[in-house]
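Trainee: Dumping the structure here so I can ask a few things about it.
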Amino acid sequence: MNRILLFVDGISTWVGKTFAWCILLLTFTTSYEVFARYMFGAPTDWAFDASYMLYGTLFMMAGAYTLSRNGHVRGDFLYRAWRPRTQATSDLILYVLFFFPGMLAFIYSGYSFAKLSYMMNEHSAASPDGPIVWPFKWLIPIVGCLMVLQGLVEVIRCIICIRTGEWPKRLHDVEETEKIMLEEAEKARLAEIEQTGLSRGDI
């Protein structure tokens, strides 16, 4: 079972890291626009459309990846003090009541939105060039499907934790600075206690 969970984590990771390159393209297009505007007095016609499409793509396609890393915002000051079973029960209830209904509505409305945009061959009205925008809008239902897939994995993790009392392992490639600092502080505290015990002859 854990192999299946990690496999889906891997899919979300691949998607998130692949589309993370959008930040490089976004940086380039924004820098070029500023350079062209202030150095040559010739602002581009496409920079605005490119910037919101790239940022929107980056933001949306990172959703499932962030969920797979347990990185979405929550009230950690309460949550971290709970036992794993309490955490899992709370997460499971919230997934069923809010997450899945929201994501299914997101897919349904996003599909209709993208289909209409495609049928109209919709172009942007925000710039003179008016690039097509329907490929960008098709990301909405795709992201919804990826989120539902990752959400199913998270629900399975909740059920496993409720049964065993421990969270199953997940893929990790980055850690929050706060978590690293807390772990280092805990190691330092334990080392200090051990050193104090050695000096007193208790250990």
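The values are calculated or read from the model by the stated rules, or taken from the named source; none is laboratory data. It should be emphasised that the depicted structure is a prediction, and the values quoted were computed from it without experimental measurement. Glycine gets a Cβ as well: all are built from the backbone with ideal geometry, and neighbour counts include every protein chain shown.
Trainee: Counting just the residues of segment 62-86 that are part of a helix (DSSP H, G or I) and over 20 Å from the mean Cα position of the chain (by Cα), which one comes out nearest to residue 183 (Cα to Cα)?
Mentor: 77
Trainee: Go through the residues of segment 25-46 one by one and say whether even a single one is closer than 17 Å to residue 167 by Cα and assigned to a helix (DSSP H, G or I).
Mentor: Checked segment 25-46: no residue is closer than 17 Å to residue 167 by Cα and assigned to a helix (DSSP H, G or I).
Trainee: Within segment 94-139, how many residues turn out to be in a loop (DSSP other than H, G, I, E, B) and among the hydroxyl-bearing types (Ser, Thr, Tyr)?
Mentor: Going through segment 94-139 one residue at a time, the tally reaches 2.
Trainee: Then there is this: Considering only segment 166-185, I want to know if a residue exists there that is at pLDDT 85 or above, touching a strand residue (DSSP E or B) at 6+ places or on another chain (Cβ under 6 Å) and surrounded by 11 or more Cβ atoms within 10 Å (Cβ to Cβ).
Mentor: no
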